[in-house]
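Just so it is clear, none of the values below were taken in a lab; they were calculated from the coordinates. Small disclaimer: the values here were computed from a predicted structure and weren't measured. Because the Cβ atoms are built from the backbone with ideal geometry, glycine has one as well, and the counts that use them run over all protein chains shown.
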Amino acid sequence: MATKPQKSPKQQRQQPETLRLRDISPSLTVTDLQASIAWYRDVLGFMVDDTWEHEGKVAGVSLKAGKVYLNLSQDDWAKGRDRVKGEGFRLYLTTGQDIDGIAAAIKARGGKLASEPTDQPWGARTFNLVDPDGYKLTVSSST
């Protein structure tokens with residue numbers, strides 16, 4: 001009779017079992033949905049994957065770049081029109097593509113970098129952007 005192989009300590013799951021996720025799809029509330037769609041699509045290079053409507057008007061979109069999804073939704077102003085967005089929040093976007101090439105393409109499409117591509121001490125090469133609502137993004141090479 002065959003015996004079941006024992007899992008190594010590295011393979012054993014913590015008990016009680018901890019949360020294990022496969023993906024995350026952040027959703028950002030934006031001031032001007034059409035302007036944000038244009039920025040993420042035309043400047044950064046995301047593709048519109050899906051849209052959703054409310055009362056016959058586009059209220060949000062799901063954007064895709066590679067395997068990553070990002071959702072944008074129009075602010076309904078329920079929390080006030082002077083609500084600050086993007087404070088204390090940053091998205092880290094990792095790619096296997098050429099960082100300098102991506103940065104140059106963004107600038108060629110009219111985008112403005114918050115910082116130029118730079119080698120980091122941990123081995124990645126990164127640059128930073130800020131979207132129309134003040135959300136901060138760091139684009140990083142895979143290390």
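Give me the net charge of Pro117's neighbourhood, meaning all other residues with Cβ under 12 Å from the Cβ of Pro117; Lys, Arg count +1, Asp, Glu -1. It would help to have the intermediate numbers written out before the result.
Values: positive: Lys107, Arg125; negative: Asp98, Asp100, Glu116, Asp119.
Neighbourhood net charge equals -2.
Among 16-24, 116-124, how do they line up from the highest to the lowest mean number of other beta-carbon atoms within 10 Å? List each step's numbers first, then the result.
Numbers: 16-24: 5.8, 116-124: 11.4.
The peptides rank, most packed first, as 116-124, 16-24.
For segment 14-88, state the average projected area of the convex hull of the C-alpha atoms over all orientations, rounded to one decimal in nm². If you can, show how the numbers build up before the last one.
Numbers: hull surface 30.6 nm².
Value for segment 14-88: 7.7 nm².
When a/c reaches 1.5 or more, the comparison of a/b and b/c decides; with that in mind, is segment 82-136 rounded, prolate or oblate per its Cα gyration tensor?
Values: a/c = 2.59, a/b = 1.46, b/c = 1.77.
In terms of gyration-tensor shape, oblate.
Restricting to bridges with both residues inside the chain, how much of the DSSP beta-bridge set is antiparallel, in percent to the nearest 5?
On the way: 22 of 32 bridges.
In the chain, DSSP labels about 70 percent of beta bridges as antiparallel.
Rounded to whole Å and ordered largest first, report the semi-axes of the equivalent ellipsoid of segment 45-124 derived from its Cα gyration tensor (root of 5λ). Numbers along the way, then the final one.
Working: eigenvalues 173, 61, 31 Å².
Here the semi-axes work out to 29, 17, 13 Å.
From the P(r) of the chain, can you give the percent of Cα pairs sitting at distances over 22 Å?
Working: 5200 of 10153 pairs.
Across the chain, Cα pairs with separations above 22 Å total 51 percent.
How much length, in nm to one decimal, is gained on full extension between Arg41 and Asp82, taken as 0.36 nm per residue of separation minus their Cα-Cα distance?
On the way: separation 41, 0.36 × 41 = 14.76 nm, distance 2.58 nm.
Between Arg41 and Asp82, full extension yields 12.2 nm more.
What list do you get for Lys136, Lys67 if you sort them by fewest beta carbons within 10 Å? Before the final figure, lay out the partial values.
On the way: Lys136 16, Lys67 6.
Ordered from fewest to most neighbouring Cβ atoms within 10 Å, Lys136, Lys67 come out as Lys67, Lys136.
Could you tally the net charge around Gly86, taking each other residue with its Cβ under 10 Å from the Cβ of Gly86, Lys/Arg +1 and Asp/Glu -1? List each step's numbers first, then the result.
Values: positive: Lys85, Arg90, Lys136; negative: Glu87, Asp131, Asp133.
Value of the local net charge: 0.
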